[in-house]
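Undergrad: So that we are looking at the same thing, I have put the structure below in structure tokens.
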Amino acid sequence: MAKVATITSGKGGVGKTTSTANLAVALAALGNKVVCIDADVGLRNLDVILGLENRIVYDLVDIIEGRCRLRQAMIRDKRLPELFLIPAAQTRDKSAVSPSDMVRLCEELRPDFDWIVVDSPAGIERGFRNAVAPADLVIVVTNPEISAVRDADRIIGIIEAEEKGPAQLIINRLKPELVRRGDMLSTEDVLELLAIKLLGVVPEDEKVLMGGNRGAPVAMDERSQAGQAFRDIARRLQGEDVPFMDVMNQGGLLVKLSRFLRSGGG
Amino acid sequence: MSSFIDKVLGRNRRSASLAKERLKLVLIHDRTDLSPGSLDLLKDELIAVISRYIDIDPQGVRIGMEHEGREQRLIADIPVRPASRRRR
């Protein structure tokens, strides 16, 4: 029986879709049968991040309105045969789907999968409610940045009020260099403010952008730091106790050497 | 001199600690839906009600929100005047 994890954030642009794609890929690479659902009807993006945009025939709204069978709208990722995508409709809006539609859809999928990962749209309106309705676990993505943290707090409150809590947190795009010089909120700062369980910290990594360009999420890239962070999160979701990676002291030998020299060798 | 002014105005502080402090205040009000203005009104009414029963020092009343994890707590510190002083 699948567990439904919904990825949300309140604020747009913090990395919900990137996190959804990477967690789905990482879970599938661990041998889970995974389906991800793009609940951002009207602003479809999970398909391009996963590199599956050319294979879409039917979408979420087609399933709900009975124009196709569930299986027909599920796109199988050829790189990871245990990974499927149900894309959002692009020419409709969020009112085409209701929270009970999402609950029904996930109930139908549950017996055949280990994980259902739902990508929520930004905001706290209908699209967000649709995405959260079927969730067993809500994952809030934020950046160490004032407006993203404020919106995350709002979302966490709403999730609690809807009795879908406690939500768990991913801090995305942390820049260790900025944290070190006191110009970016640290992991500890964000956790103190939001007071929820941390699932993982994903450091800023240009490979995320490059992975998006290619349609190959970084979780597939063994050498990417962000990819490693997402793989760790996937294992935590499975219930493994994975130590948190030391994002503040990452970097190649050269980076470490120059940091050492700058600090006066002390 | 300018560095002194900077310090007084908090300009020398690193931006992350400012962000954290500002967020702390904003989140308290976001979570409770209580604006700083209504908190002042609440304080005035609280003083009026309590004064009907007991002699307090209105100047010394401190009221504010505190949080433990995600739980908010309204904390009021109300200095009570000793009964002896009430006999005039």
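The numbers here are math on the coordinates, done by the rules we state, and not lab data. Nothing here was measured: the structure is a model prediction, and the numbers come from that model. Ideal geometry is used to build each Cβ from the backbone, glycine not excepted, and the neighbour counts take in all protein chains shown.
Undergrad: Hey, if you put +1 on the Cβ of every Lys and Arg and -1 on every Asp and Glu Cβ in the range A:3-262, which of A:M245, A:T8, A:V61 ends up farthest toward the positive end of that dipole?
TA: Value: A:M245.
Undergrad: Taking the Cβ-Cβ separation of B:S38 and A:F244 as r and a Förster radius of 56 Å, what is the calculated FRET efficiency to the nearest 0.05?
TA: It comes to 0.90.
Undergrad: While we're on this one: With charges set only on the Cβ (+1 for Lys and Arg, -1 for Asp and Glu), what does the dipole of chain A come to about its Cα centre, in debye to the nearest 20? Walk me through the intermediate numbers first.
TA: Working: 35 positive and 38 negative charges, 116 e Å.
So the magnitude is around 560 debye.
Undergrad: Within straight cross-link reach of B:K43, meaning Cα distance under 29 Å, which lysines are found once same-chain residues fewer than 8 apart are removed?
TA: Cα-Cα hits under 29 Å: B:K20, B:K24.
Undergrad: For the pair B:H29 and A:M210, what calculated FRET efficiency results from E = 1/(1 + (r/R0)^6), where r is the Cβ-Cβ distance and R0 = 41 Å, to the nearest 0.05? It would help to have the intermediate numbers written out before the result.
TA: On the way: r = 41 Å, r/R0 = 0.99.
Rounded to the nearest 0.05, the efficiency is 0.50.
Undergrad: Counting only helical runs of four or more DSSP H residues, what would the 222 nm mean residue ellipticity of chain A come to if each run contributes -39,500 (n - 2.57) and the total is spread over all its residues?
TA: Details: 12 runs with 107 residues, N = 266.
Value at 222 nm, helices only: -11500 deg cm²/dmol.
Undergrad: Quick one: if the Förster radius is 41 Å, what FRET efficiency do B:E45 and A:S95 give, using the C-beta to C-beta distance and rounding to 0.05?
TA: Numbers: r = 43 Å, r/R0 = 1.06.
Using R0 = 41 Å, I get an efficiency of 0.40.
Undergrad: Sticking with this structure for a sec: Only Cα pairs under 8 Å and at least 6 apart count here; give the relative contact order of the range A:123-243 as a rounded whole percent. It would help to have the intermediate numbers written out before the result.
TA: Values: 153 pairs, mean separation 23.2, N = 121.
Computed over the range A:123-243, the figure is 19 percent.
Undergrad: Quick one: Debye curve from the alpha-carbon atoms of the range A:45-135 only, equal weights, vacuum; give me log10 I(q)/I(0) at q = 0.15, 0.19, 0.26 Å⁻¹ to two decimals.
TA: Here the Debye-derived log intensity ratios amount to -0.55, -0.93, -1.69.
Undergrad: Between the range A:1-46 and the range B:40-67, what's the alpha-carbon centroid distance in Å?
TA: So the two Cα centres are separated by 49 Å.
Undergrad: So how compact is the protein assembly as shown: Cα radius of gyration and Dmax in angstrom?
TA: Every Cα atom of the protein assembly as shown included, Rg and Dmax give 24.8, 90 Å.
Undergrad: In addition: Given a cut-off of under 8 Å on Cα pairs at least six residues apart, what relative contact order in percent is computed for chain A?
TA: Details: 531 pairs, mean separation 63.8, N = 266.
It rounds to 24 percent for chain A.
Undergrad: What are the ³J(HN,Hα) couplings of the range A:63-80, residue after residue, when phi is run through the Karplus curve with 6.51, -1.76, 1.60 and θ = phi - 60°? Round to Hz, x for glycine and proline.
TA: After applying 6.51 cos²θ - 1.76 cosθ + 1.60, I find 5, 5, 8, x, 7, 8, 7, 3, 4, 5, 8, 8, 9, 8, 7, 5, 6, 10 Hz.
Undergrad: Now, a different point. Going down the table (A:K175/A:K207; A:K16/A:K207; A:K78/A:K207; A:K164/A:K197; A:K11/A:K94; A:K3/A:K164), which pairs top 19 Å between alpha carbons? Let's see the in-between values first.
TA: Values: A:K175/A:K207 14 Å; A:K16/A:K207 16 Å; A:K78/A:K207 22 Å; A:K164/A:K197 14 Å; A:K11/A:K94 17 Å; A:K3/A:K164 13 Å.
Check vs 19 Å cut-off fails for A:K78/A:K207.
Undergrad: Could you check which residue among A:S147, A:S186, A:S19 shows the biggest mean-square fluctuation in a GNM of chain A with a 10 Å Cα cutoff?
TA: A:S147
Undergrad: So, one more: Averaging over all projection directions, find the projected area of the Cα convex hull of the range B:2-83 and quote it in nm² with one decimal place. List each step's numbers first, then the result.
TA: Values: hull surface 31.9 nm².
Spelled out: convex hull of the Cα atoms, projected over all directions, averaged, 8.0 nm².
Undergrad: List residues of the range A:122-149, by number, whose backbone nitrogen lies under 18 Å from a label position 7 Å along Cα→C-beta of B:S15.
TA: A:143-149
Undergrad: Would you mind calculating the relative contact order of the range A:39-194 from Cα pairs under 8 angstrom and at least 6 residues apart, reporting the percent as a whole number?
TA: On the way: 200 pairs, mean separation 29.7, N = 156.
Reported as a whole number, the value is 19 percent.
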